[in-house]
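Here is the structure we will look at.
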Amino acid sequence: MRDYGKIKNYKAEGRKIAVEFEKGRMEVTVLTDEIINVFVPIWSDDHRSKAIERDDLERVLSKGCNFDTSEGSTKDGRRSIEIKTSCLKAVVKDGGSVDFYDAAGRLISAQFEGERVPIKTVGIWEKELLEAEGHTVADTVLDKPVSDVRCIGKNDSLYGLGDKMGLLDKRSYEYENWNTDDPSAHNEQYRSLYKSIPFLICKGKEYTYGLFYDNTFHGYFDLAKENAEYIAYTADDGNLDLYFIGGGNIKSVVGNYTLLTGVTPLPQLWTLGYHQCRWGYSSAKDIREVAEKFRELDIPCESVQYDIDYMDGYRVFTWNEKDYGKPGELFKELKAKGFKPVVIIDPGTKREEGYFMYEEGTKNGYFFRNAEDTEDYVNEVWPGEANYPDFGREEVRYWWGKHVNDLTDMGVAAIWNDMNEPASFKGPLPEEVVGHDEDRKTTHRELHNVYGHFMAKATYEAMKEHTKKRPLVITRASYSGTQKYAAVWTGDNQSLWSHLAMMIPQLCTLGMCGYSICGVDIGGFGADTTPELLARWIEAASFATFFRNHSANGSIRQEPWLFGDEVVDIYRKYVKLHYRFLPYIYDLMYEEQKTGLPVMRPLVMNYEDDENTFNLNDEYMVGDSILVAPVVAAGERVKKVYLPKGDWYRLTDGEKISGGRYILEEAPLDYLPVFIKAGSVIPTYEDMAYVGEKEFKKLTLLATPEGGKATHYRDNGEDYSYLDGEYDLYEFEVSKEGKLKVNMANSSERIAKYEEIAVSIL
Ligand code: MIG
């Protein structure tokens, strides 16, 4: 239990209240009326946040805030300091506990002041036996330098933590934040994956709040697993740097979290389309054949991506001419057919005399140093012995960025960052490995969880500056705030039904953590997919913002045409469905710039009072208007669908169905249950083979018989001219009779106009 002794004094300065205890100190800072930071300087006097950068902080502070500070005492006679805004009240007490109250004066998050009692007690000898047998026995370490244990309600739900496995409601799980590349089949009790996002949402009956523990060191969450009464966050090092986030509901908590750490920037339109990939397209011929087959079979596609095979001996920023021809040649050839080149880049840089990356990096001291700081640190990845760029330094990011520019000069349209946990074949990087956070020398202990973050930042900033287009960077590892720089995918899943099912909570959770552009490997990366699994997977993923089929070398190939005509037809149908709704997805991304709310979201985000949604794992919503209920179980031909209160319309036949209940939906293999909420107006496009194939001349507004309103955004889909007003903003109103009224809230003559805007009543 935390005990800093009695409060000695406190001082309010601007937004900050510095509290001096007998045995420690704490700063409470009011950022907005809905965000209060509690900072205990255990490791450093300043925050050293990687998630909240200077621009982010300015944006937050520009919101202004109002609060009062007063002294009081607790029921048990302890001295306390109360900091009260219009929305929250933080109460700092003798001993160092901090409680939070909402605007109605309800205690919503009290510090747990008892002793933690682990539920599992495995004796040392038992542990040895179990481990000898091959079992992993995790230590329950309670005594960590950074610790925050908070009471929660018996029935509270918990959401968040990024890409972690497990159900949507993370209650009763335990997790670790330590970015991990583990190729075995990710299962429900995995404690860590590739990303570390220490952001949680707690939802009780009468309150919802967020907890963001901004700390990049190895962190641990016990989410009411060891004890139903509390949740515990601990870390090996760093500060206790808690942002308590109010707002009253999930949407505003997510909005506040993205206000703090940034939103996913508006992407280029094409990036939201379909992508094909495989580790093992090992020549120009492979890529060309796959690309052509998509056109031939009339399945829309934007890119056939280049995995590590395209490099010369896995040396980053090189090109394997033997198998892929002259650099840029294939790009040009496929560009004529509408394909955009997307290439993978790993951080591990081959150690080899004469190789330019090695020479430049070594000469300038751009790589991580060993624990003694006597020489560059060496481990092994795909190219063999490799060094790790010290991405925390601006100079190193700039250097890396110049090579990224060489790629974009060659024609590369998007970059995919892999292995940036970072992965290492010869055991993990020791925590003492030396690197930097900007100019400050530090160790991997602090940097590990932000390695991918800084790499993504290096890549994004270079692409943005150099190409003047909105970059697509796809990263595997990330931290809070990386959403400003990159889209994410969930790494190496497998062709398993359980992994298809897991996609829904995983992507919904990433969305609740600010990652509005995210996806999983459709069909499954490892192991061998089956016709039925692939069909159900493309259906289930058809509204994903990162929409890519990818598979591993060594597994069976995963292009849809290898699974027979039925699968090809299903595949085409759902890729086309995705493109039909592309303007709606893009509109949601436009909205997301302002609200931070994701495209794909769990039902609980939209229907927070409906307990049937609290842990609904096999349905999701796209914005507020579309409900998707994919079949994610083998052999299932009837889907149990929960429709929240209100009226819904089945997309395929327009039948009206009243909600607030479960329905059974016949779901043959080629059918994805999709329902449109009454009162929706949804912009849709005509068929296309890829974005850019033809002008968007016709927009069809899909509306329910009630009519309704929609805002529709259109820009050139590529660059930043929209920031100078080069966009059209349509306000549509469809009457009950199906009559359309159009108002332009913004209009630019540089943006092409629709020749026809039609209304289609469901
Ligand atoms: O050690 O580049 O998650 O998407 O195809 C495997 C090869 C390295 C892991 C990525 C996967 C990619 C693969 N990579």
**Request:** Pull up segment 38-80, narrow it to residues that are hydroxyl-bearing (S, T, Y) and open to solvent by less than 40 Å² (accessible area, probe 1.4 Å), then point me to the one that is nearest to R393 (Cα to Cα).
**Result:** S49
**Message:** Restricting to segment 536-567, give me the number of residues that are open to solvent by 10 Å² or more (accessible area, probe 1.4 Å) and in contact with a helix residue (DSSP H, G or I) (Cβ under 8 Å, 6 or more places away or on another chain).
**Reply:** 5
**Complete:** Per the filter on segment 275-298, residues under 31 Å from the mean Cα position of the chain (by Cα) and polar (S, T, N, Q) are Q276, S282
**Request:** May I ask you to verify whether I287 is over 30 Å from Q593 (Cβ atoms), open to solvent by less than 10 Å² (accessible area, probe 1.4 Å) and touching a residue at least 60 places away in the same chain (Cβ under 8 Å)?
**Result:** no
**Message:** With the requirement that a residue be open to solvent by 20 Å² or more (accessible area, probe 1.4 Å) and closer than 22 Å to E372 by Cβ, what does segment 400-424 give you?
**Reply:** S424
**Message:** Given the criteria touching a Cys at 6+ places or on another chain (Cβ under 6 Å), modelled with pLDDT of 95 or more and either surrounded by 20 or more Cβ atoms within 10 Å (Cβ to Cβ) or not assigned by TED's automatic domain parsing to the domain that holds L88 (or both), does Y274 qualify?
**Reply:** yes
**Request:** Check Y451, Y460 and return the single one that is of a type outside the set (G, A, S), crowded, with 20+ Cβ neighbours inside 10 Å and within 16 Å of the ligand (Cβ to nearest atom).
**Result:** Y451
**Qualifying positions in segment 425-446 - open to solvent by 40 Å² or more (accessible area, probe 1.4 Å) and of a type in the set (A, V, I, L, M, F, W, C)** = F425
**Complete:** With criteria (1) closer than 30 Å to V488 by Cβ; (2) open to solvent by 30 Å² or more (accessible area, probe 1.4 Å); (3) in contact with a strand residue (DSSP E or B) (Cβ under 9 Å, 6 or more places away or on another chain), P602 comes up short on (2)
**Message:** So for segment 281-291 (the condition being of a type in the set (A, V, I, L, M, F, W, C), within 16 Å of the ligand (Cβ to nearest atom) and in contact with a His (Cβ under 8 Å, 6 or more places away or on another chain)), does at least one residue qualify?
**Reply:** no
**Asked** From the list S192, S184, S147, S196, which one is in contact with a strand residue (DSSP E or B) (Cβ under 8 Å, 6 or more places away or on another chain) and without any contact (Cβ under 8 Å) to a residue 40 or more places away in the chain?
**Response** S192
**Subset of segment 605-631 [part of a loop (DSSP other than H, G, I, E, B), within 18 Å of T509 (Cα to Cα) and open to solvent by 10 Å² or more (accessible area, probe 1.4 Å)]** = Y607, E608, F614, N615, L616, N617, D618, D624
**Prompt:** Can you name the condition, by its number, that L334 falls short on among (1) in a helix (DSSP H, G or I); (2) over 30 Å from L588 (Cβ atoms)?
**Reply:** (2)
**Prompt:** When segment 266-280 is examined, which residues are found to be part of a loop (DSSP other than H, G, I, E, B) and within 16 Å of the ligand (Cβ to nearest atom)?
**Reply:** C277, R278, W279, G280
**Fill in**
How many residues of segment 313-323 are within 15 Å of the ligand (Cβ to nearest atom) and either touching a Ser or Thr at 6+ places or on another chain (Cβ under 7 Å) or not assigned by TED's automatic domain parsing to the domain that holds K337 (or both)? The answer is 1
**Asked** Would you pick out the residues in segment 526-535 that are surrounded by fewer than 24 Cβ atoms within 10 Å (Cβ to Cβ), more than 16 Å from the ligand (Cβ to nearest atom) and in contact (Cβ under 8 Å) with a residue 40 or more places away in the chain?
**Response** E532, L533
**K645 vs. criteria charged (D, E, K, R), part of a strand (DSSP E or B) and surrounded by fewer than 22 Cβ atoms within 10 Å (Cβ to Cβ)** = no
**Request:** Find the strands (runs of 3 or more DSSP E) located wholly in segment 648-709 whose residues include 1 or more that are surrounded by fewer than 17 Cβ atoms within 10 Å (Cβ to Cβ) and among the small types (G, A, S), and list them.
**Result:** 656-658
**Prompt:** Here are D237, D182: which of them is farther than 19 Å from T509 by Cα, within 16 Å of the ligand (Cβ to nearest atom) and open to solvent by 10 Å² or more (accessible area, probe 1.4 Å)?
**Reply:** D182
**Asked** Can you tell me which of K332, K322, K326 is basic (K, R) and in contact with a Gly (Cβ under 9 Å, 6 or more places away or on another chain)?
**Response** K332
**Request:** Considering only residues that are outside any loop (DSSP other than H, G, I, E, B) and without any contact (Cβ under 8 Å) to a residue 40 or more places away in the chain, look in segment 540-570 and name the one that is nearest to the ligand (Cβ to nearest atom).
**Result:** L562
**F391 vs. criteria away from the ligand (no atom under 16 Å from the Cβ) and farther than 17 Å from R476 by Cβ** = no
**Item:** K326 vs. criteria farther than 29 Å from R572 by Cβ, part of a helix (DSSP H, G or I) and without any contact (Cβ under 8 Å) to a residue 12 or more places away in the chain
**Value:** no
**Request:** Would you check which residues across segment 652-677 are within 14 Å of M621 (Cα to Cα) and in contact with a Phe, Trp or Tyr (Cβ under 8 Å, 6 or more places away or on another chain) and list them?
**Result:** L672, F675, I676, K677
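The values are calculated or read from the model by the stated rules, or taken from the named source; none is laboratory data. Just so it is clear, the structure is predicted and the values come from calculations on it, not from any experiment. FYI the Cβ positions are ideal-geometry reconstructions off the backbone, even for glycines, and counts take in every protein chain you see. To get the accessible areas, we keep the full protein, side chains included, count just its heavy atoms, and leave off ligands, DNA and RNA. Shrake-Rupley method; radii C 1.70, N 1.55, O 1.52, S 1.80 Å.
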